[in-house]
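Visitor: Got a structure for you, questions after.
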Amino acid sequence: MPLSRRRRRLWLVAPLAVLALVAWPVLNFFGVFSDKGDPVDFGKGGGKGAAGTLMPTGPQADFRVENTLGDGTKIARTTLHGKKSGFTGDVWVWAPEQYKEAQYANSGFPVLIALPGGAGYPRNYWMGTNLKLQSSIATWSKEGTSLPFIVVMPVLNPENHDEDPKDPELGRYWDGSDIPGQPKMGTWLTEDVPDLVKANFRTLTSRDGWAFMGSSTGGFAGLKSVLKNPDKFKAVIASGPDTVPDSLLWSGHEKEKQENNPEKLAPQLIARKGPDVYLAFQVGTKEKKAMAAAKKFIASYGNKGPVHTMLREIPDGEHNAATYVPSMGEGPIQWISRHMQGPTPAP
């Protein structure tokens, strides 16, 4: 018996529907249906900023969509030509949902500069959605356990020192510092990157709105940056960090090396009696070397005068970023948020 016209249509539509279901994620991955690469407008707010708010100073950067979170917020990328460091590199940014809410249209937001471990070039691995840094902050901020941070993710190093695993100079990273004769990565992280954020986002005029977080070498760079620039940054979450500079590039530059040594900077800050900084360490219990270094640092300088510290020991935690993000919600993000400033809603 010949099929009815209606049934023939169903037999034709069904395979096409299955094909569409299979093809959609593949095509979307390759950007056929995604907005990856499209311009992103984070908005400037309107009118005069609330007290303590710095409205975007411009010029506006060319931000392009890199990733989209489940709540529709965007992780965007731009290339920054650092005027103060002379270094050019990529920076990724993300603003929480609250940033576009009408009640915060004239209010500044706190900034968390997130630094990776490893090579930290040509990408900053926090820009991906797989580690859930941004989605976790979105959840925590709605629960009231974290401030709604703008997350900024610059490249950490000027090149990929991990490119050749047989390279005997694998320790040729830059310690987030201005090593003589090298690209000025310290200036890049603490001046050029914040300048980019101030040019494009509503931020807070006080250092109470500025912090770092990072893992491994990124944790060291964040820790050092806060201790070296306590007038600009108030807090850090340092995950599995070194506590002393150890790049091979410091050879022949001992004076400058010690000027970037947290174990020298902390006692100097204590002697100056401020300003207060808040250093949250988190280390996995399987990270023997990093745990010993963190405990030694805290015993020597922690909670003495202006240097406030806490340690989150991650049960069975290992030296990797996937371990660190969930742990941030078990104390560190709440702790720094309590000592920082968030956006102020309009009356």
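Visitor: May I ask for the net charge around Lys74, where only other residues with Cβ less than 12 Å from the Cβ of Lys74 are counted and Lys, Arg are +1 while Asp, Glu are -1? Intermediate results must be reported in sequence, preceding the final value.
Guide: Values: positive: Lys36, Arg64, Arg77, Lys100; negative: Asp35, Asp38, Asp41, Glu66, Asp71, Glu97.
Overall, the nearby charge balance is -2.
Visitor: Another question about this same structure. Tell me, in nm to one decimal, what length is gained between Asn320 and Ser251 on full extension, where the rule is 0.36 nm per residue of separation less the Cα-Cα distance?
Guide: Working: separation 69, 0.36 × 69 = 24.84 nm, distance 2.83 nm.
Full extension of this stretch gives 22.0 nm more.
Visitor: Starting from a Cα-only point model with no solvent, please compute log10 I(q)/I(0) by Debye for the range 82-138 at q = 0.16, 0.17 1/Å.
Guide: Normalising to I(0) and taking log10 leaves -0.67, -0.74.
Visitor: On to the next question. Cα atoms only: what Rg and Dmax, in Å, come out for the range 122-270?
Guide: Gyration radius and largest Cα-Cα distance of the range 122-270: 16.0, 50 Å.
Visitor: Here's another thing I want to ask about it. Given that compact globular proteins tend to follow 2.2 N^0.38 Å, what is the ratio of the alpha-carbon Rg of the chain to that value? Write down the numbers at each step before the final one.
Guide: Working: Rg = 22.6 Å, N = 347, 2.2 N^0.38 = 20.3 Å.
So the Cα radius of gyration is 1.11 times the expected 2.2 N^0.38 Å.
Visitor: Okay, moving on. Given the peptides 215-225, 186-196, arrange them by the average over their residues of other C-beta atoms within 10 Å, most packed first. Present the calculation step by step, with values, prior to reporting the outcome.
Guide: Details: 215-225: 28.6, 186-196: 21.8.
Sorting 215-225, 186-196 by mean packing, highest first, produces 215-225, 186-196.
Visitor: Take every Cα pair under 8 Å in the range 113-259 that's 6+ residues apart, average their separations, divide by the length, and report that relative contact order as a whole percent.
Guide: On the way: 232 pairs, mean separation 38.3, N = 147.
Computed over the range 113-259, the figure is 26 percent.
Visitor: Could you sort the peptides 101-111, 203-213, 137-147 by per-residue average Cβ neighbour count (10 Å cutoff), highest mean leading? Don't skip to the end; give the middle numbers.
Guide: On the way: 101-111: 19.8, 203-213: 22.5, 137-147: 18.1.
Put in order of decreasing packing, that is 203-213, 101-111, 137-147.
Visitor: Can you give me the distance in nm between label points at Asp41 and Ala346, each placed 7 Å from the Cα along the Cα-to-Cβ direction?
Guide: Calculated label separation equals 1.8 nm.
Visitor: I've got another one for you. Could you list, bin by bin from short to long, the percent of Cα-Cα pairs of the range 251-299 in 10 Å steps?
Guide: Values per bin, smallest distances first: 20, 42, 32, 6.
Visitor: Asn160 label point, 7 Å along Cα→Cβ, cut-off 13 Å on backbone N: hits in the range 90-125?
Guide: Within reach of a label on Asn160, which here means backbone N under 13 Å from a point 7 Å along Cα→Cβ, the range 90-125 contributes 119-125.
Visitor: From the residues Gln258, Ala105, Leu189, which one has its Cα farthest along the dipole of the chain in the positive direction, the dipole being from +1 and -1 charges on Cβ of Lys/Arg and Asp/Glu about the Cα centre?
Guide: Ala105
Visitor: Evaluate the distance, in nm, between pseudo-label points positioned 7 Å from the Cα of Arg272 and of Gln60 along their respective Cα→Cβ axes.
Guide: With each label placed 7 Å out from Cα toward Cβ, I get 3.8 nm.
Visitor: Any chance you could run the full-extension gain for Ser300 through Asp231? It's 0.36 nm times the residue separation minus the Cα-Cα distance, nm to one decimal.
Guide: Length difference between fully extended and current span is 22.6 nm.
Visitor: Using per-residue counts of other Cβ atoms within 10 Å, averaged over each peptide, order 51-57, 173-179, 317-323, 236-242 from highest down. Don't skip to the answer; put the middle values down first.
Guide: Values: 51-57: 15.7, 173-179: 26.3, 317-323: 17.6, 236-242: 29.6.
Descending packing order for the listed peptides: 236-242, 173-179, 317-323, 51-57.
Visitor: Using only the Cα atoms, work out Rg/Rh for the range 218-332, with Rh taken as the Kirkwood radius, to two decimals. Please report the intermediate quantities before stating the final value.
Guide: Numbers: Rg = 13.8 Å, Rh = 14.3 Å.
Using Cα coordinates only, the ratio equals 0.97.
Visitor: Turning to a different aspect of this structure: Please list 3J(HN,Hα) in residue order for the range 263-277, calculated via the Karplus relation 6.51 cos²θ - 1.76 cosθ + 1.60 where θ = phi - 60°; whole Hz, with x for glycine and proline.
Guide: Calculated HN-Hα couplings, in order: 6, 9, 5, 4, x, 5, 5, 4, 5, 7, 6, x, x, 5, 10 Hz.
Visitor: What lysines could a cross-link reach from Lys83, if we take a straight Cα to Cα line under 19 Å and drop same-chain neighbours fewer than 8 places away?
Guide: Within the straight-line limit of under 19 Å, Lys83 reaches these lysines: Lys184, Lys198, Lys232.
Visitor: While we're looking at this one, here's another question. Looking at the chain, what % of its DSSP beta bridges pair antiparallel, to the nearest 5? Intermediate values should be presented prior to the final figure.
Guide: Numbers: 20 of 47 bridges.
Antiparallel bridges: around 45 percent, rounded to the nearest 5.
Visitor: Shape of the range 286-347 from its Cα gyration tensor (a ≥ b ≥ c, root eigenvalues): rounded if a/c is under 1.5, otherwise prolate when a/b > b/c, or oblate?
Guide: Oblate.
Visitor: Compute the length gained on full extension between Ala102 and Lys142: take 0.36 nm times their separation in residues and subtract their Cα-Cα distance, giving the result in nm to one decimal. Please report the intermediate quantities before stating the final value.
Guide: Details: separation 40, 0.36 × 40 = 14.40 nm, distance 1.62 nm.
Length difference between fully extended and current span is 12.8 nm.
Visitor: Further, regarding this structure: Mind scanning Lys255/Lys286; Lys74/Lys257; Lys48/Lys224; Lys142/Lys286; Lys84/Lys234 and naming the pairs with a C-alpha gap bigger than 30 Å?
Guide: Lys255/Lys286; Lys74/Lys257; Lys48/Lys224; Lys142/Lys286
Values quoted throughout were computed directly from the atomic coordinates according to the rules given, and no laboratory measurement underlies them. Here the structure is a predicted model, which is why all the values come from computation and not from measurement. All Cβ positions, glycine included, derive from the backbone under ideal geometry; neighbour counts span all protein chains shown.
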